[in-house]
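Written below as structure tokens is the structure these notes are about.
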Amino acid sequence: MTHQDTIPNIASPYTLHSLQDDQDILKWSEFCASCFRDKKPVPPPSSYFLRHFFNDPWRDANLVFVMQYRAIHSTSSGDKLRQLQRDHPQNYNDNVIVASTRIFLREISLGHSGKTCWVGGIGEVCTDPSHRRQGLAKRLLHRAIEVMREYKHDERKLQYSLLHASPALMKVYETSANYRGVATHWNILTLQNNNRRHKHSHIDDNIVPQRRDLTLSNKKQLSIRLASFPKDTVQLQRIHKEYSQDRFVGCIIRTRDYWNEYLSKEIGDSMFVLCSDDDQQDDKILSWMSIKVRSDTRIQLRDFGCCKNSCRTENISMATVFSMLFHHILATDKNVSCWMSSDTTTSTTSTTTAAAASTSTFLELAIPSPIYQELLESSTASSSSSSSSSSLTLDSTGSWLDQSIPVREECDLGWMYKNLQGSLEPERDHDGLLQPPPLPMEDIGNTQHLTHLIWPADSF
């Protein structure tokens with residue numbers, strides 16, 4: 001399946017194409033990298049986009065759409081066109097890529113009913129600065145929506161399209177393509193920083209907590225190491241299903257291929273697992289964690305999972321498991337430890353926080369609200385239980401949370417969904433029974449009292 005189209009304007013210099021082969025993908029990756037070169041302090045290289053594509057188990061070059069510029073059909077006068085070609089040789093020559101949109105195929109959870117559906121994610125959206133304000137991105141998006149409405153994966157239609165938009169672009173997607181934001185709630189925790197009242201001060205090494213080994217009541221030892229693929233895949237897949245997939249609306253379904261081919265390359269060098277020795281199994285995974293540096297002053301819980309049954313069996317609280325992994329990452333993960341030891345200064349927009357310390361240096365951890373609530377409950381239960389295996393709890397350590405600053409909540413409406421099939425006839429399932437058209441994604445969460453969460457590790 002290929003797509004080619006000329007924008008409906010007889011003098012238009014732009015044509016819409018889908019990519020065909022690896023050579024097209026290489027040119028496309030170089031174009032994407034060029035668009036982000038001036039947007040980010042550390043712009044992604046072309047290898048970043050190549051990795052995203054070739055490691056994706058559901059990749060399809062035909063689902064990458066580009067606009068190409070055809071100089072021969074340009075409405076510019078001959079002299080003006082020649083001037084543009086001299087000044088911007090990469091942007092105004094014939095058949096160069098000037099805009100991009102990609103469809104990512106994913107399967108998502110619809111909640112604890114066990115139902116899932118296939119969706120088309122929108123990503124790699126970019127336009128060459130010299131060709132903006134021509135409606136190219138809108139045209140590419142509309143073509144992608146047309147394709148997604150008809151596309152089938154394993155004979156299943158795509159029920160939703162989804163994307164993550166910045167606050168500045170949310171209204172654009174709402175008005176131009178009827179996407180709607182679904183709330184994801186995050187808690188913002190301030191990390192302990194003994195020097196935070198001194199601007200431009202270097203952060204003391206003593207805020208990096210030392211790793212704490214824990215001996216359980218049955219004398220078993222815990223160990224923390226980097227995840228190993230495909231060795232750990234079966235355990236990780238099972239725990240992810242129980243901990244996230246069966247609970248959260250929108251959660252990406254992670255197949256073995258997705259773990260081994262995609263996530264292992266995306267976060268494998270930052271994903272730490274906490275294991276215990278088991279009589280029947282070596283390295284039984286209790287939990288895992290990955291942290292991402294988001295800015296000079298904030299890190300984010302990129303991925304997390306916990307086997308609650310195993311923790312109960314080992315008599316260890318979830319809060320303890322979380323703290324051990326977090327402490328270890330702060331001290332050993334290269335990117336995070338460099339972030340912790342760098343000079344950072346910020347001013348806050350929070351009235352409450354500003355009143356407490358208006359000119360302070362803040363280091364923050366963003367964590368999904370349902371995970372934070374679980375940690376609080378686990379910490380409370382652990383500290384009140386005389387049989388607790390350790391006194392290390394989320395709130396009682398005092399070594400990484402600054403409890404003088406209230407925990408804040410942020411609501412992210414950036415994940416936006418569009419119902420692709422609601423206006424069509426209901427489909428029949430494998431048993432031949434008619435299935436009702438899909439509900440809007442926000443209604444699924446409200447109806448089933450579930451929480452929406454797409455882990456940052458699964459972002460596209």
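The values are calculated or read from the model by the stated rules, or taken from the named source; none is laboratory data. Here the structure is a predicted model, which means the values were calculated and not measured. Methodologically, a virtual Cβ is constructed for each residue, glycine included, from the backbone with ideal geometry; neighbour enumeration extends over all protein chains shown. Areas reflect the complete protein model, heavy atoms only, side chains present, ligands, DNA and RNA absent. Shrake-Rupley method; radii C 1.70, N 1.55, O 1.52, S 1.80 Å.
For the stretch 301-331, give me each residue that is more than 22 Å from the chain's Cα centre (by Cα) and either in a strand (DSSP E or B) or among the β-branched types (Val, Ile, Thr) (or both).
Within the stretch 301-331, 313, 316, 320, 321 qualify.
Collect the residues in the stretch 31-54 that are surrounded by 15 or more Cβ atoms within 10 Å (Cβ to Cβ) and assigned to a helix (DSSP H, G or I), keeping them in residue-number order.
Of everything in the stretch 31-54, those that are surrounded by 15 or more Cβ atoms within 10 Å (Cβ to Cβ) and assigned to a helix (DSSP H, G or I) turn out to be 31, 32, 33, 34, 35, 46, 49, 50, 51, 52, 53.
Residue-by-condition table, conditions (1) in a helix (DSSP H, G or I); (2) at pLDDT below 90:
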{"position": "173", "(1), (2)": "yes, no"}
{"position": "187", "(1), (2)": "no, no"}
{"position": "203", "(1), (2)": "no, yes"}
{"position": "210", "(1), (2)": "no, yes"}
{"position": "230", "(1), (2)": "no, no"}
{"position": "244", "(1), (2)": "yes, no"}
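Any residue at all in the stretch 268-287 that is of a type in the set (Phe, Trp, Tyr) and more than 20 Å from residue 331 (Cα to Cα)?
No, the stretch 268-287 contains no residue that is of a type in the set (Phe, Trp, Tyr) and more than 20 Å from residue 331 (Cα to Cα).
Any residue in the stretch 68-83 that is touching a helix residue (DSSP H, G or I) at 6+ places or on another chain (Cβ under 9 Å) and at pLDDT 95 or above?
no
Looking at the stretch 144-161, I want the residues that are more than 17 Å from residue 101 (Cα to Cα) and have a partner that is open to solvent by 30 Å² or more (accessible area, probe 1.4 Å) and outside any helix (DSSP H, G or I) with Cβ atoms under 7 Å, at least 6 apart or on another chain. Which pairs are those?
Sorted first by the residue in the stretch 144-161, then by its partner, the pairs are 157/427; 158/151.
From the residues in the stretch 151-166 that are modelled with pLDDT of 95 or more and outside any strand (DSSP E or B), which one is nearest to residue 184 (Cα to Cα)?
Ranking the candidates gives 165 first.
Got a number for residues in the stretch 229-267 being over 22 Å from residue 59 (Cβ atoms), of a type outside the set (Lys, Arg) and free of Cβ contacts under 8 Å to residues at least 40 places away in the same chain?
The qualifying residues number 1.
Taking the residues in the stretch 260-289 that are surrounded by fewer than 21 Cβ atoms within 10 Å (Cβ to Cβ) and within 17 Å of the chain's Cα centre (by Cα) as candidates, determine which candidate is farthest from residue 443 (Cα to Cα).
269
Which count do you get for residues in the stretch 246-259 that are surrounded by 17 or more Cβ atoms within 10 Å (Cβ to Cβ) and assigned to a helix (DSSP H, G or I)?
The number of residues fulfilling the criteria is 2.
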